[in-house]
Amino acid sequence: QVQLVESGGGLVQPGGSLSVSCTASGNIGRLNTMGWYRQAPGRQRELVATVTSGAITNHADSVKGRFTISRDNVKNTVYLQMNSLKPEDTGIYYCYFRTYWGGQEYWGQGTQVTVSS
């Protein structure tokens, strides 16, 4: 089992910045993928960004150039720096973890990000 604890998020004005982080614990292994998905009201959950334990990143087109994902393998923590935020970035941001062997997926409880004036 893997446990994910998220922190960060909140309310920010359009054009502002915010960051979220997520720490994994438990049977995480050395090889894995961590990342973030988000879900806006009335919409399906969508990919924001992921990063592998080898630091290969993948950002959704909608956030490229504005969001940056990174991770600290010693702390088993993934970070998402969000700049130039737009109202359409509003949603619940979920931490995501996938094991390399077996492809088991785990989700955090979610943290709210609201972009509004």
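The values are calculated or read from the model by the stated rules, or taken from the named source; none is laboratory data. This one's a predicted model, so the numbers in the text were calculated from it and none came from an experiment. Quick reminder, even Gly has a Cβ in these numbers, built from the backbone with ideal geometry, and neighbours come from all protein chains shown. Side chains included, ligands, DNA and RNA excluded: accessible areas come from the protein's heavy atoms. Shrake-Rupley method; radii C 1.70, N 1.55, O 1.52, S 1.80 Å.
Structure summary
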item: Residue within segment 56-67 that is touching a residue at least 40 places away in the same chain (Cβ under 8 Å), of a type in the set (A, V, I, L, M) and on the phi < 0 side of the Ramachandran plot present; result: no
item: Close pairs (6 angstrom Cβ cut-off, 6 or more residues apart or separate chains): modelled with pLDDT of 95 or more in segment 87-109, surrounded by 16 or more Cβ atoms within 10 Å (Cβ to Cβ) and acidic (Asp, Glu) anywhere; result: 95/6; 108/6
item: Looking only at segment 1-19, and only at residues there that are within 15 Å of residue 69 (Cα to Cα) and in a loop (DSSP other than H, G, I, E, B), the one that is modelled with the lowest pLDDT; result: 9
item: Pair list, Cβ < 7 Å and 6+ apart or interchain, from segment 6-29 residues that are of a type in the set (D, E, K, R) to residues that are part of a loop (DSSP other than H, G, I, E, B); result: 6/108; 6/109
item: Flag for residue 65 being within 23 Å of residue 1 (Cβ to Cβ) and over 15 Å from the mean Cα position of the chain (by Cα); result: no
item: Within segment 97-116, considering residues that are hydroxyl-bearing (Ser, Thr, Tyr) and under 17 Å from residue 40 (Cβ atoms), the one least open to solvent (accessible area, probe 1.4 Å); result: 111
item: Of residues in segment 68-86 being without any contact (Cβ under 8 Å) to a residue 40 or more places away in the chain and not in a strand (DSSP E or B), the one surrounded by the most Cβ atoms within 10 Å (Cβ to Cβ); result: 73
item: Residue match in segment 88-96 (condition: of a type in the set (Asp, Glu), touching a strand residue (DSSP E or B) at 6+ places or on another chain (Cβ under 9 Å), assigned to a helix (DSSP H, G or I) and open to solvent by 80 Å² or more (accessible area, probe 1.4 Å)); result: yes
item: Any hit, segment 41-54, residues being touching a Leu at 6+ places or on another chain (Cβ under 7 Å), over 24 Å from residue 10 (Cβ atoms) and either of a type outside the set (A, V, I, L, M, F, W, C) or open to solvent by 80 Å² or more (accessible area, probe 1.4 Å) (or both); result: yes
